[in-house]
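Undergrad: I have a structure here, written as structure tokens, and I will follow up with some questions on it.
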Amino acid sequence: MNDNNLITGTLARLFRLGETAGRLGLSMFLKNLKDTNKIDINQIIKVVENLSRLKGAPMKVGQMISLHEDLLPPEIIEIFKVLQKDSTTMSFSIVKEIFEKQLKSKLNDFLYIEEKPFAAASIGQVHKAKLRNGEDVIIKVQYPNIRKSIHTDLKTIQFILSPLFKALNLPFEKIWEEIQERLLEETNYLQELKNLELFRNTFKIEGLVFPKYFEDYTTEEVLVLSYEESLSFDKGLKYKERHEQWFLILLQLIILGFFKYKILHVDPNIANFGFRENGEVVLFDFGCIKKIPDVISNAYKNTVIAILKNEWNKASCILKEAGIQTRKGEPLKEEFLKPHLEVIEEIFPNQEKYFGEDANVYKKLLEIARDNWYYASELEFPKDIVFIHRNLIGHFGNLRKFRVKKNWRKVFLELLETA
Ligand SMILES: Nc1ncnc2c1ncn2[C@@H]1O[C@H](COP(=O)(O)OP(=O)(O)O)[C@@H](O)[C@H]1O
Ligand SMILES: [Mg+2]
């Protein structure tokens, strides 16, 4: 297959959207920023248009961006959502060719492989299959040459975005280094298998299920896992009596992952979670994980404890210890930090409430970002927090949809204690 025509359909759609909505959305968003005279809107439109010419990476970048649905103008989200709905599939003859090349004689261990893809993967597709020993499995297979194409895409995106970030006074290199590292890691399924192994050996959360992996059948481009049946999030929503159980498993995954095991699954795309009527949650997709350095884990934990114990003044010094400070090495100023901490406090109210009931959280974050645009661009932070924050925002958006009512501060503090 020619990988040039792989994403052509998406590009055509993206162009249409990008032309109109992109222009509208970006200009509206930027108008709302204070002091935008330094930003050239035409330059940004160019970036969006150029991005849409690329192949592998924009899909992933699009997934990341559309997770922040409530934080960005709807027009921008629309543009990137198109990238996620890529309906391109490889024909089975190509898939078979890849299997033959990758698995060689081991292909005989498979009784059959379903020709119709079972699910779309971001850089490939998933097929259901059965081993001769009777086990049901899935095979995740990459599009041919996708690694190379992502490599090239990333270089191009860097070339386009770097001057823009510089104009906005944002620390491009740091953020970019991190995104690049994570994206390239995702294109190696042997690495993904190692990540899954690490999770299976580390996480002990009742009701959290990990697929089994098959080392013998896994290569950089082909990953074989046990088939784990479950409901998608949308289907799961119907089973209201299970919401609380599922919610608490996911909350443990995040909180214990962050503060106890110090490893996070940082791809909160809701398709990466499967829900079972018996109350279990299946975790999929170990392409993007993040080991959390001790200093960061400890600093965030102590900050949260400081907020919930009303010792707010301690927070800026705690964060400074984790490398979150101004470029001059000063702790964050109170006017900047306090509104952020207030948002965290509101997410965990000390009374029975539906989680995330107050949708103002997003509006507030956006307002803080606008009010402090230039101060924020003067800050220094470890690159590790890029994916940590993306993950927390993504999970907040997922969890609030379950509408579970509890005293969240109590639940949160109890969980922190076990961490
Ligand atoms: N072990 C499995 N059992 C059942 N379904 C799976 C399994 N692994 C993945 N899937 C399905 O395939 C989809 C894509 O797989 P995923 O690993 O998330 O790919 P990607 O890394 O490209 O996002 C998942 O969202 C899930 O629906
Ligand atoms: Mg996935």
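No lab work stands behind these numbers, since they all come straight from the coordinates. Quantities reported herein were computed from a predicted structural model and do not represent experimental measurements. Heads up, the Cβs are rebuilt from the backbone with ideal geometry, glycines too, and the neighbour counts pull from every protein chain shown.
Undergrad: As I understand it, the dipole of the stretch 230-419 uses +1 on the Cβ of Lys and Arg and -1 on the Cβ of Asp and Glu, about the Cα centre. Which of Cys288, Ile305, Ala376 lies farthest toward its positive end?
TA: Cys288
Undergrad: Please give the peptides 250-259, 379-388 ranked by average Cβ packing (other Cβ atoms within 10 Å per residue), highest first, as a rough proxy for protection. Numbers along the way, then the final one.
TA: On the way: 250-259: 20.6, 379-388: 18.0.
Top to bottom by mean Cβ count within 10 Å: 250-259, 379-388.
Undergrad: If Lys and Arg each add +1 and Asp and Glu each add -1, what is the summed charge of the other residues whose beta carbon sits under 11 Å from the beta carbon of Phe258? Kindly include the intermediate steps, with their values, before the conclusion.
TA: Numbers: positive: Lys260, Lys262, Lys290, Lys301; negative: none.
Net charge in that neighbourhood comes out at +4.
Undergrad: Which residues among the stretch 369-413 fall inside the zone where the amide N is under 14 Å from a point 7 Å beyond the Cα of Lys309, along Cα→Cβ?
TA: From the stretch 369-413, the list is 413.
Undergrad: Taking the simple approach of a point 7 Å from Cα along Cα-to-Cβ for both Glu185 and Phe172, what is their distance in nm?
TA: About 2.4 nm separates the two model spin labels.
Undergrad: Going through the cross-link list Lys235/Lys290; Lys128/Lys401; Lys116/Lys212; Lys291/Lys383; Lys301/Lys383; Lys338/Lys383, which pairs have a Cα-Cα distance over 20 Å in this structure?
TA: Values: Lys235/Lys290 29 Å; Lys128/Lys401 30 Å; Lys116/Lys212 23 Å; Lys291/Lys383 12 Å; Lys301/Lys383 18 Å; Lys338/Lys383 22 Å.
Beyond 20 Å between Cα atoms: Lys235/Lys290; Lys128/Lys401; Lys116/Lys212; Lys338/Lys383.
Undergrad: Would you mind getting me the FRET efficiency between Arg409 and Lys155? Use the beta-carbon distance for r and R0 = 51 Å, nearest 0.05. It would help to have the intermediate numbers written out before the result.
TA: On the way: r = 46 Å, r/R0 = 0.91.
Result of the calculation: an efficiency of 0.65.
Undergrad: Charges at C-beta only: +1 for Lys and Arg, -1 for Asp and Glu. How large is the resulting dipole of the stretch 168-267 about its Cα centre, in Debye rounded to 20?
TA: On the way: 12 positive and 19 negative charges, 131 e Å.
Dipole magnitude for the stretch 168-267 comes out near 640 debye.
Undergrad: Measuring from label point to label point, each 7 Å out along Cα→Cβ, what is the Glu206 to Glu357 span in nm?
TA: About 2.8 nm separates the two model spin labels.
Undergrad: Where in the stretch 109-151 is the amide nitrogen less than 20 Å from a point lying 7 Å along the Cα-to-Cβ axis of Glu220?
TA: 122-125, 140-151
Undergrad: Could you give the nm distance between label points at Asp109 and Ile270, where each point is 7 Å from its Cα heading toward the beta carbon?
TA: Each label point lies 7 Å from its Cα, and together they span 3.6 nm.
Undergrad: Continuing with this model, one more query. Straight distance only, please: which aspartates and glutamates reach the Cα of Lys333 with their own Cα at less than 16 Å, same-chain residues fewer than 8 apart left out?
TA: Those aspartates and glutamates meeting the cut-off are Glu311, Glu321, Glu342, Asp371, Glu378, Glu380.
Undergrad: Just subtract the alpha-carbon distance of Arg327 and Ala119 from 0.36 nm times their residue separation and send over the number in nm, one decimal.
TA: Values: separation 208, 0.36 × 208 = 74.88 nm, distance 4.51 nm.
70.4 nm is the gain from fully extending Arg327 to Ala119.
Undergrad: A follow-up question, please. Hey, what's the Cα Rg ratio for the stretch 230-419 versus the globular rule of thumb, 2.2 N^0.38 Å? Before the final figure, lay out each step's value.
TA: Working: Rg = 16.9 Å, N = 190, 2.2 N^0.38 = 16.2 Å.
Compared with the compact-globule rule of thumb, the stretch 230-419 sits at 1.05.
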